[in-house]
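Below is one structure; the comments refer to it alone.
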Amino acid sequence: MMKGNIFFQPDVEMVNWLVKYANGRMIIDAGCGVHYDLTKKLIEAGCIKTVSIDPFLENNSAMDFRRFLIHNNYKGSHHLLMGTTNNGAENTIRPDYSGLMGVEDALIIFARPCHNRWVEETLNLKHSTTEALYITVPNNFDKYNDLGVWKDKAILITHKGNSKDNELVYSIK
């Protein structure tokens, strides 16, 4: 089974805040990681419309996640989507959002994403009314240019709760 690092470790209050902030919108966990950690926490907090996307999903962890849904008697709507990778110079991760780009009622969450152009490329594909949250440690916002042309549109927002590395939350509309 593939082991994945868990970078974003929010407390229960922050997860509850994310669900409340989504206000019934579908939450797309972009770059969910092989164990779906944030998605699981969102579901446990009552989110009923979720999508998990990652280029490195594999069958064993997908089956574990399905067992999690069954164990929690999940009655919501959840989808797993495999992203794609570009083996070019930057090895850019490109989650396949093609089926979701027309969705207006969604909130994309990039929680501690890998540092390359896939966040910017995904933002370029989003519906004009779709909001994204970019969650990062304070130093990484300026250190990496994950948002590319969207950086000037990112607004730091106040959130409830805490996370292990005191991440900041930026809204991009």
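Values quoted throughout were computed directly from the atomic coordinates according to the rules given, and no laboratory measurement underlies them. Just so we're clear, the structure is a prediction, and the values are computed from it rather than from any experiment.
Need the full-extension length gain, residue 114 to residue 68, defined as separation in residues times 0.36 nm minus the C-alpha distance. One decimal, nm. Intermediate results must be reported in sequence, preceding the final value.
Details: separation 46, 0.36 × 46 = 16.56 nm, distance 2.57 nm.
Extra length from residue 114 to residue 68 when fully extended: 14.0 nm.
What full-extension length gain, to one decimal in nm, is calculated for residue 60 and residue 128 as 0.36 nm per residue of separation minus the Cα-Cα distance? Kindly include the intermediate steps, with their values, before the conclusion.
On the way: separation 68, 0.36 × 68 = 24.48 nm, distance 3.55 nm.
Full-extension gain reported as 20.9 nm.
Sort all Cα-Cα distances of the range 26-78 into consecutive 10 angstrom bins from zero, then give the percent of pairs in each bin up to the one containing the longest distance.
26, 61, 12
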